Amino acid sequence: MSGSTQSRCDELPRFAFIKDLEDYLYLTFTIRRLLLVALVVLSVVPGTIYYGWAASAKWDFAALYVSILYLTLWTQSRFIIRFARAVIGTSILGWKYRPTPYSTPEITNLAKRMGVFGKAKVYVTSNPWIDGPFTNALNCAVYLPANWLEAFPKSEVLATVGHEFGHVTQRRRFSLEALLAAGLVLGFTYLLALHSVPLIYEVAEVSLSLLLLGVVSWRGEFRADMEGARSTGPEGLISVLELLRTKINRDDGSETHPPLHKRIERLEVLLNEDLDGFANKRDQGGDRDV
């Protein structure tokens with residue numbers, strides 16, 4: 001190894017914190033959410049009194065605002081790219097991966113119990129752009145990646161389908177919450193537009209939309225977990241989520257899905273309730289025997 005190469009290698013650890021900082025800002029959902037909150041707050045105050053400031057104060061505010069805006073765009077880039085890739089991969093590039101219907105007696109019985117029989121249909125796809133199960137909100141079709149069926153036993157596949165069926169049963173409530181969120185954004189933007197400049201209220205509109213998207217989507221995921229677990233039992237879904245948790249570096253959630261550990265904690269409450277109910281029934285049965 002040459003001296004210059006050795007010198008460069010020795011200097012690398014000094015700059016390792018830069019890579020760590022980049023990963024932290026780029027990947028952490030908490031940071032992304034806080035930046036969106038900062039943009040909304042700055043858009044309201046002091047954004048609404050921007051007109052009355054002196055020129056120097058306007059420049060200072062603009063520098064701070066634009067800096068946070070660019071940092072937000074940077075941290076949101078991965079979510080935007082992944083979303084665009086998923087849409088393009090499933091709708092445009094995925095035409096040659098024709099999904100095949102998938103049904104078992106257990107899935108049929110589950111669909112009947114959850115009231116989605118004849119409404120929701122399950123398909124298996126080998127499309128490499130699809131890396132996890134999802135439900136098409138328009139036609140209530142549930143898609144399972146082929147490798148998902150290979151990776152999990154039938155009980156856990158059934159629990160996954162139960163979660164997706166939960167999205168179908170809760171579709172109306174999800175739509176109402178999404179419409180409510182959209183109404184709040186429009187009302188907020190209208191009021192802000194009366195007191196601020198176009199750039200500020202447009203940035204605030206997008207920022208608040210992303211924040212409310214997370215709220216509505218997280219609530220939908222939690223409800224789908226509980227709906228499915230009440231029909232299949234929470235054990236299977238807990239097992240699936242725990243396995244997924246071991247495969248990720250961070251578990252702080254995303255713009256569309258809550259952290260896995262929070263989902264597991266909620267399901268464990270349901271599991272404990274089932275165990276308590278079983279114990280009560282056993283005790284009551286024992287008393288009758290006596």
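Values in this text are rule-based calculations from the coordinates and carry no lab data. Source: prediction; values computed, not measured. We place every Cβ from the backbone using ideal geometry, glycine too, and count neighbours over all the protein chains shown.
Working note: Karplus 6.51/-1.76/1.60 with θ = phi - 60° gives the stretch 151-162 the couplings 8, 10, x, 4, 5, 7, 5, 5, 5, 5, 4, x Hz, where Gly and Pro are set to x. Of interest is the spacing of the C-alpha centroids, which for the stretch 62-105 and the stretch 145-198 amounts to 15 Å. Annotation: average projected area of the stretch 73-165 is 6.9 square nanometres, based on the convex hull of Cα atoms across all directions. Secondary structure note: in the stretch 98-153, about 50% of the DSSP beta bridges are antiparallel.
Here is the list for the stretch 57-148: trypsin sites (Lys or Arg not before Pro) lying in DSSP coil, each with at most 15 other C-beta atoms within 10 angstrom of its C-beta, are LYS96, LYS119. Note on the stretch 59-119: Cα Rg divided by 2.2 N^0.38 Å, N the number of residues, gives 2.12. Distance from a point 7 Å along Cα→Cβ of THR108 to each backbone N in the stretch 218-250: keep the residues under 16 Å and list them by number. What the label zone holds, given the 16 Å backbone N cut-off, is no residue at all. Fully extending the segment from LEU186 to ARG250, taken as 0.36 nm per residue of separation minus the present Cα-Cα distance, adds 19.7 nm.
Between VAL41 and ARG230, what is 0.36 nm times their sequence separation minus the Cα-Cα distance? Round to one decimal in nm.
Roughly 64.0 nm would be gained on extension.
For TYR123, nonlocal amide neighbours, meaning residues 5 or more places apart or on other chains whose placed amide H falls under 5 Å from its own, are TYR102, VAL142, TYR143, LEU144.
Compared with the direct C-alpha span, the chain from ASN272 to ILE81 gains 64.8 nm at full extension, assuming 0.36 nm per residue.
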